[in-house]
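The values are calculated or read from the model by the stated rules, or taken from the named source; none is laboratory data. The structure presented is a predicted model; accordingly, all values stated were derived computationally and were not measured. Here the Cβ positions follow ideal geometry from the backbone for every residue, glycine too, while neighbour counts run over all protein chains shown.
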Amino acid sequence: MYGTLAISHRALDDLAEIAGRDTVDELRSLARPIEGLRILNLSVTGFGTGTAELLNSSVAFMNDLGLDAHWQVVRASSEIAQIQREMYQGLGGLPVEWTQGKTDAWLRDARMNARLLTETFDVVIVHDPQPLAIRSFVPPSDTRWVMHSHIDLSSAIDAVWMRLREHVEKYDLAIFPSLSFCRPDITIPKRVVPPAIDPTSARNMPLPPDLIENVLRQYGIDPARPIVCQVSPCDAASDLVGVVDAWWRVRETRPGVQLVFVLTTEAADAAGRASYDEIARLCHDEADAFVVSGNEIGNVEVNVFQTAASVVVQKGLRKGFGLWVSDALWKRRPCVVGPAPGLLEQVIDGETGLVAHSSEELASAITRLLEDRATAEKYGENGRRRVAERFLITRYLKDYLGILTELHRTA
């Protein structure tokens, strides 16, 4: 059908030491009534995003629980890929010029992809908004369809949202990471399932100190000096230039601080490219500023940069939850974030980190954490505890098993 992704075997028992044996046993008990349930997860990409990272772990663990879970990527031509990017931006609240011609092309692509859906599944879960219209062109059946929106739709522009809404209403259920991401005009049943991290993945597992030092030196980063790190997409919403501005302010009193950007995606639009070009220009002659492309590294390297960071930041985020912050909190890294809804669910100001509303506030918070290491360590410990309570993959699986059981019973 689409681009089927090979899923490596993952054993849920590997999580017992972290999440507790009782938690693992509870998940197996919850999964027993729906063993063999055939599930298809659809997304537009298989790597480089928080959604892809989440699916890579959750699909594997669902199979270990006895479900028949699959993950496929909807392929798109270059023309449709550009239209999908504009749709994504518009749904995130960015102004785009949406035309009837783009709607027609998007629907033609959805109709074509619907014809490729030749296998039978009990549940189909669409994890990105761009392929949602596929549901409208699939013949009636007993299959239950779920929209899992990982982005904030609350500020979507009308020109795009109104084209999508009629197709959303044909789904059996909608899942959002937070109620604040939802829209009041969605009338189908809704559930909240916050995202989660896999503590046993290459992105979050403990790393030996010599590996961390070797990787840092490969990139010219001095392991002995403080590091401020932001992991984020390369887009305007991540405010990369604002982070550079804050870093410059920090260096006025802390001249040895290094700055590391890990960009999980390439600039996919004019605003993103402008943002990248600007930080590339600003950092070009800065010996202590590093811009690393996610296309050139793997999850181990991302782990290294976060683990080595003195402070992890995420200045701005419009569309998504920003789960890289939970990755950092799990590693006991103190975090400073902007006031975006998903970030505020992870970082509690003055408890698991600090919230900054401007470059000036970001610089002040970074400086404070660099100078007051006792507070930084306290935030790190509190942050790991918050992730353990709210954002581990075991909690995500429990939420999903409840939803799948509900769908199975009402089929």
Among the residues of the range 19-28, how many are surrounded by fewer than 17 Cβ atoms within 10 Å (Cβ to Cβ) and part of a helix (DSSP H, G or I)?
5
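Among the residues of the range 101-135 satisfying the criterion of being surrounded by fewer than 19 Cβ atoms within 10 Å (Cβ to Cβ) and under 27 Å from the mean Cα position of the chain (by Cα), which is farthest from Phe47 (Cα to Cα)? Talk me through it step by step, then tell me what you get.
So in the range 101-135, the residues surrounded by fewer than 19 Cβ atoms within 10 Å (Cβ to Cβ) come out as 101, 103-105, 107-108, 111-112, 114-116, 118-120.
This time we only want the ones that are under 27 Å from the mean Cα position of the chain (by Cα), so: 103, 107, 114.
Values: Thr103: 27, Leu107: 25, Ala114: 23 Å.
Checked the range 101-135; the qualifying residue farthest from Phe47 (Cα to Cα) is Thr103.
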Those residues of the range 322-341 which are under 15 Å from the mean Cα position of the chain (by Cα) and over 14 Å from Arg386 (Cβ atoms), in sequence order
Gly322, Trp324, Ala340, Pro341
Need the failing condition index for Arg10 against (1) surrounded by 15 or more Cβ atoms within 10 Å (Cβ to Cβ); (2) at pLDDT 95 or above; (3) of a type in the set (Lys, Arg), just the number.
(2)
Here the residues within the range 98-119 that are free of Cβ contacts under 8 Å to residues at least 40 places away in the same chain and assigned to a loop (DSSP other than H, G, I, E, B) are Thr99
Quick check, is Asp288 touching a residue at least 12 places away in the same chain (Cβ under 8 Å), within 19 Å of Gly50 (Cβ to Cβ) and among the charged types (D, E, K, R)?
no
Scan (1) at pLDDT below 95; (2) in contact with a Lys or Arg (Cβ under 7 Å, 6 or more places away or on another chain); (3) closer than 17 Å to Ala246 by Cα for the single condition Lys315 breaks and write down its number.
(2)
Select from the range 45-86 the residues that are more than 22 Å from Val302 (Cα to Cα), not in a helix (DSSP H, G or I) and not basic (Lys, Arg) and list them in ascending order.
Leu65, Gly66, Leu67, Asp68, Ala69, His70, Trp71, Gln72, Val73, Val74, Ala76, Ser77
Which strands (runs of 3 or more DSSP E) sit wholly inside the range 151-268 and have at least 2 residues that are buried (at least 17 other Cβ atoms within 10 Å of the Cβ), outside the structural domain of Gly92 (by TED's automatic domain parsing) and not acidic (Asp, Glu)?
227-232, 258-263
Does at least one position in the range 175-183 carry a residue that is farther than 29 Å from Val302 by Cβ, aromatic (Phe, Trp, Tyr) and in contact with a helix residue (DSSP H, G or I) (Cβ under 9 Å, 6 or more places away or on another chain)?
no
